[in-house]
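The values are calculated or read from the model by the stated rules, or taken from the named source; none is laboratory data. All values derive from a computational prediction rather than experimental measurement. In this analysis, Cβ positions are derived from the backbone assuming ideal geometry, glycine residues included, and neighbour counts consider all displayed protein chains. Only protein heavy atoms, including side chains, enter the accessible area calculation; ligands, DNA and RNA are left aside. Shrake-Rupley method; radii C 1.70, N 1.55, O 1.52, S 1.80 Å.
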Amino acid sequence: MKTPASSTHSKILILDFGSQYTQVIARRIRECQVYSEIVRFDMPAAEIAAAKPHGLILSGGPASVYDKGAPQMDPEIFLLGIPVLGICYGLMLMAHDLGGKVVFTGRREYGAGMLHLKNGSELFDGLGNQLDVWNSHGDEVTALPKGFRVVGTTEGCNFAAVEDRQRKLYGLQFHPEVAHTPRGKEILQNFIYHICHCAMDWTMGSFIEEACARVRKQVGDQKVVLGLSGGVDSSVTAALLHKAIGDQLTCIFVNNGLLRAREEEIVQRVFGENFHVRLKYVDASERFLSLLKGVTDPETKRKRIGNEFIKVFQQATEELLEEDRRNGDRKHGGYKFLAQGTLYPDVIESVSIGGNPAQVIKSHHNVGGLPEKMHFELVEPVRQLFKDEVRQAGLHLGLPKEIVYRQPFPGPGLAVRTLGEVTPKRLSILREADMIVQSEMEAAGWYYKVWQSFAILLPVQSVGVMGDQRTYENTVALRIVESQDGMTADWVRIPYELLARISNRICNEVKGVNRVVLDISSKPPSTIEWE
Ligand code: XMP
């Protein structure tokens, strides 16, 4: 994994023992404007020392310290003089490694508790005498290592918060990072600001400056291509690279004929006209649509679209090179670099302990396969950022809200929302219906509150009546979901009036549709897209 920003930054390293909350810890720290990075639990002490963190956090994890193969850390780490905060499993391990006693209680304790504070720990400065906390643990400390003392207890646990102030070692049996510990962030702030002496120097402005400097160093005077989809990640990457290297960047925007209404217009306006990014617009709709003729199987659709995208992109890059040569630019040796909007959740090495993969977030990559096929070197300037940070970066770089806060849209586009065969006529019906969903969601203030809201054209016709005429037309389904990361989702309880408006408008305005239905399935067991 690449390491951070710059060594002058304050930095907290989080040793990941497989907790489902590890990423939450990292985000909480960054919300406090301190850079944090997740590393494997077995990172050697020498490497940690070399990374010069201001503090370490040991995450929780599903294992018991007595499990065979329980993840162990390098005990030398406790001798480095770097402040350490152990959370849950992290505390158990610290107590166990330093000579205390930990027992496996056999029962897992979950849920809310009240922490009673004593002995005035710096960790709880300004937090009063008691705190609501959230527990989730199986092991319990029963005797402390030498030098430690208790600074907080709960009903079920005499060692809920402990410290060795001398050695700057701290442990919490509960989870300060979760929302169910309402003042948990203040505990983390006490740790990072007062105990680790971190400065609040992780700001978007400084990130962007440093990211630009890194990109310039990586690519020198070479040229870079980027597959711009119009989604948040590729858009922010484009804006950042444009700031860093100007015309050395060319964005390729492929119209695969499966885009939403006016999508190509928006992208060309924002990037071409406003940002003056060198943009190559490729209208390949006919190529894609002819490949999809007669295809109804979802996987075949996806494969054909994916493969064709690579071909179109490759061809576009060759054309760019030709154009450059024609324009007398003989200096550069081709497009060696491919920029991608890879995010931090995609690059954290996953730790799988006891069948509990710490990291489950994986995004589908629209440009998957490109680097291998074309021997590109990757430029990934936002790979340190979480999604919400990418959005902040986008705003900072001057991207409009309609790009920065837009809903995710799948690479295979409307093809996976046109169930059955994808034809120009069916696409146009779906596009019109989708535009109504989007504009009504926006007008009612719901668009930015949900994860996704869209229409699906079903391969189902049904009987209706219009005036005195009997109709036999298409059905549109509405999918409106809330989600944190796309891995799980639930349907949103949208006001009936809004649903009624969307349905009326679709039936009245979209020729070929006489019925609208609402999808009320959660994920799992359903997926968000229908194909
Ligand atoms: P599913 O349908 O798997 O979707 O529940 C989860 C999230 O991923 C998006 N999605 C895709 N994004 N290429 C993408 O870039 C794809 O092939 C793709 N398939 C699904 C989907 O819109 C949802 O946000």
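Brief remarks follow.
- Spatial separation of Cα centroids for region 397-461 and region 197-259, in angstrom: 26 Å
- Hz values of 3J(HN,Hα) by residue in region 377-392 - Karplus curve (6.51, -1.76, 1.60), Gly and Pro given as x: 8, 7, 10, 10, x, 10, 5, 8, 9, 7, 3, 5, 6, 4, 5, 4
- Vicinal HN-Hα couplings computed from phi for region 225-237 (Karplus, 6.51 cos²θ - 1.76 cosθ + 1.60; Hz; Gly/Pro x): 10, 9, x, 8, 9, x, x, 4, 5, 6, 5, 5, 4
- Selection from 154, 465, 441 lying farthest towards where the dipole of the chain points positive, charges on Cβ: 465
- From the C-alpha gyration tensor of the chain, square roots of 5λ in Å: 48, 31, 19
- For the chain, a simple Cβ point-charge model (Lys and Arg +1, Asp and Glu -1, everything else neutral) yields a dipole of about 400 debye relative to the Cα centre.
- Helix 424-443 and the longest principal axis of the C-alpha atoms of the chain enclose an angle of approximately 50°.
- Note on residue 423: accessible area approximately 40 square angstrom, rounded to 10, probe 1.4 Å, nucleic acids and ligands left out.
- DSSP bridge pairs, region 204-404: antiparallel proportion in percent, nearest 5: 10 percent
- Above-threshold pairs, the threshold being 19 Å between Cα atoms, out of 303/511; 118/168; 52/387; 11/52; 425/511; 217/243: 303/511; 52/387
- Heavy-atom accessible area, probed at 1.4 angstrom with all protein chains present, ranks 30, 302 as 302, 30, highest first.
- 530, 202, 491, ranked by accessible area, largest first (probe 1.4 Å): 530, 491, 202
- Rounded percent of accessible protein surface that carbon and sulfur make up, the chain, 1.4 Å probe: 50 percent
- Our note on the geometry: Cα centres of region 1-79 and region 153-173, 19 Å apart.
- If both residues of a DSSP beta bridge must be in the chain, then about 50% of such bridges are antiparallel.
- Here the Karplus curve 6.51 cos²θ - 1.76 cosθ + 1.60, taken at θ = phi - 60°, turns the phi angles of region 495-508 into couplings of x, 4, 4, 5, 4, 4, 4, 4, 4, 4, 5, 4, 5, 7 Hz, with x standing for Gly and Pro.
- For residue 57, the residues 5 or more places off, or on other chains, whose built amide H falls under 5 Å of its own are 13, 14, 15, 85.
- Residue 449 - accessible surface, heavy atoms, 1.4 Å probe, Å² rounded to 10: 140 Å²
- Label zone at residue 303 (point 7 Å along Cα-to-Cβ), backbone N below 13 Å, region 407-442: none
- Cut-off under 5 Å, modelled amide H: who pairs with residue 142 long-range: 101, 102, 103
- Solvent-accessible surface ranking, highest first, for 170, 448, 472 at 1.4 angstrom: 472, 448, 170
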